[in-house]
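The values are calculated or read from the model by the stated rules, or taken from the named source; none is laboratory data. Every value quoted in this text rests on a predicted model; they were computed, and no experiment measured them. Because the Cβ atoms are built from the backbone with ideal geometry, glycine has one as well, and the counts that use them run over all protein chains shown. Ligands, DNA and RNA are excluded from the accessible area calculation, which covers all protein heavy atoms including side chains. Shrake-Rupley method; radii C 1.70, N 1.55, O 1.52, S 1.80 Å.
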Amino acid sequence: MVVAHGGKGDLPADAGDLDDPPAVGKALVSLADTVPFTPDDLPGYAGALFDLRQQRPGVLRLTAWALLERPEPIPVEVDAYRPKPQAISAAQARGKVGTHIEPVDLMAALLGLVTAWANASPALKSLAPRTPASDRQQTFRTAMMTAVRAVSAP
């Protein structure tokens, strides 16, 4: 998708060469490291990721591109994700996070919720109450954090 448009558009400056998987992987890891992972406060973590996505819309484009163009994981990305499910598992053991969802599934659900509004169809978005865009984003952010709280509650 990005390559078809002949460039990176508003992708992060550190996205590197889009034809170089390790460079893109390192860029994605760098972006992920921007928001500290807080397994004892998954709704707060999701809110911070949502805020990053709002501040840097190229993040979503880069991750979408990576999913479309590189369906197989590369080691640097796997290594970046590995501690997160492990930390969720430890939070589950401490009783801070519910055990009804496996850690990897919970992480995937959280990431899906963070990007749900951005990935929603324009037809669905047209049904939302007419408010200024910033209010709409804040409304969704609150709903998204509530959903993360519900799926991760002990």
*Once label points are set 7 Å from the Cα along Cα→Cβ at both residue 90 and residue 133, what is their separation, rounded to one decimal in nm?*
4.0
*What does the charge count near residue 145 come to, summing +1 for each Lys or Arg and -1 for each Asp or Glu among other residues with Cβ under 13 Å from its Cβ?*
0
*Can you give me the Cα centroid spacing of the range 122-151 and the range 43-71 in angstrom?*
17
*In nm, spacing of pseudo-spin labels at residue 108 and residue 68 (7 Å Cα→C-beta vector)*: 2.2
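Whenever you get a sec, compute what percent of the accessible area on the range 87-126 sits on carbon and sulfur atoms (1.4 Å probe).
Within the range 87-126, the accessible surface is 61 percent carbon and sulfur.
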*residue 78-residue 119 FRET efficiency (beta carbon distance; Förster radius 22 Å; 0.05 resolution)*: 0.45
